[in-house]
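J.: For reference, the structure I am asking about is given below.
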Amino acid sequence: MASTSDIRNGLCIKYNHDIYKIIEFLHVKPGKGPAFVRTKLKSVTTGKVIDNTFSAGHKIDDVRVETHKFQFLYPEGETYHFMNVEDYNQITLEKSSLDAPGLLKEGEVVTVIINSEDQMPLSVEMPASVILEVTSTEPGVKGNTATNATKPATVETGAEVMVPLFINEGDKIKIETEKGTYKERIKE
């Protein structure tokens, strides 16, 4: 058993007869009244995100997990195939257990969180950022840059990302996976 002081991003807990992963939390100590922890929980079985507030010192039932590196092989409908980089065993996961499936490129190495009790995969953690090639975007209009103007661009995985006007087709860009936002252009 853990308490609210052990809450951190990525912690898996049992809550309401399901296993949830904490994706966001905030310790709040108001001037009047007891302290509490405001959390955003994502169900590892359904992918549904809920908001919950725990009072300070509340006991939470944490789940013992292991992390393993897996390489993404290919998607097949709603399932995604991965291979363990250490022992080459393959697993399939549902699209709902992935945080950003649109930014996942074949060959990308991700961290898979596995329940220690029953060896079931719980969720997939993407790297902090990925480098993808822009496959299509409109050319930027010169003189249209009075403010931070952006335009939509489609990357090689099929995801759409808002990018600055100077990005062209064929450019490689770094994308922050947590928010799905443009970070910088990568020069070769």
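The values are calculated or read from the model by the stated rules, or taken from the named source; none is laboratory data. Keep in mind it's a predicted model, so treat the numbers as computed, not measured. Note: ideal-geometry Cβ built from the backbone for every residue, glycine included; neighbour counts use all protein chains shown. In case anyone asks, the SASA skips ligands and DNA or RNA and just uses the protein heavy atoms, side chains included. Shrake-Rupley method; radii C 1.70, N 1.55, O 1.52, S 1.80 Å.
J.: I need the per residue convex hull volume for the range 77-132, using only the alpha carbons, in cubic angstrom as a whole number.
T.: That works out to 96 Å³ per residue.
J.: In whole percent, what relative contact order does the range 50-91 give with Cα contacts below 8 Å and a gap of six or more residues?
T.: That works out to 25 percent.
J.: Give, in nm to one decimal, the length gained when the segment between LYS40 and MET162 is fully stretched (0.36 nm per residue of separation minus the Cα-Cα distance).
T.: Result for the pair: 41.4 nm of gain on full extension.
J.: Given a Förster distance of 30 Å, report the FRET efficiency between THR150 and LYS95 from their Cβ-Cβ distance, rounded to the nearest 0.05.
T.: Efficiency, from the Cβ-Cβ distance: 0.65.
J.: Also: What is the dipole size for the chain, taken about its Cα centre, with +1 at each Lys and Arg Cβ and -1 at each Asp and Glu Cβ, in debye to the nearest 20?
T.: 1020
J.: Also, I was wondering about something else. Could I have the simple spin-label model distance between LYS183 and GLU76, label points 7 Å from Cα toward Cβ, reported in nm to one decimal?
T.: 3.1
J.: Relative contact order for the chain: what percent, with Cα pairs under 8 Å and sequence separation of 6 or more?
T.: Computed over the chain, the figure is 14 percent.
J.: Taking the dipole about the Cα centre of the chain, with the C-beta of Lys and Arg at +1 and of Asp and Glu at -1, give me whichever of ALA56, HIS68, ALA128 is farthest to the positive side.
T.: ALA56
J.: So how do ARG64, ARG8 rank on accessible area, 1.4 Å probe, biggest first, that is with the largest at the start?
T.: ARG64, ARG8
J.: Highest GNM mean-square fluctuation, the chain, Cα pairs closer than 10 Å: which of GLU125, GLU78, GLU94?
T.: GLU78
J.: Given contacts defined as C-alpha pairs under 8 Å and at least six residues apart, what's the relative contact order of the range 1-54, whole-number percent?
T.: Rounded, it is 27 percent for the range 1-54.
J.: Please report, as a whole percent, how much of the solvent-accessible surface of the chain comes from carbon and sulfur atoms (probe radius 1.4 Å).
T.: 49
J.: Hey, another quick one. Would you work out the charge dipole size for the range 43-152 about its Cα centre, treating the Cβ of every Lys and Arg as +1 and the Cβ of every Asp and Glu as -1, and quote it to the nearest 20 debye?
T.: 560
J.: Then there is this: Running a GNM on the chain with Cα contacts under 10 Å, which residue among GLY47, GLY33, GLY102 ends up with the highest mean-square fluctuation?
T.: GLY33
J.: Shifting gears a bit: Hey, what's the chain come to in accessible area per residue, 1.4 Å probe, Å²?
T.: For the chain, the solvent-accessible area averages 60 Å² per residue.
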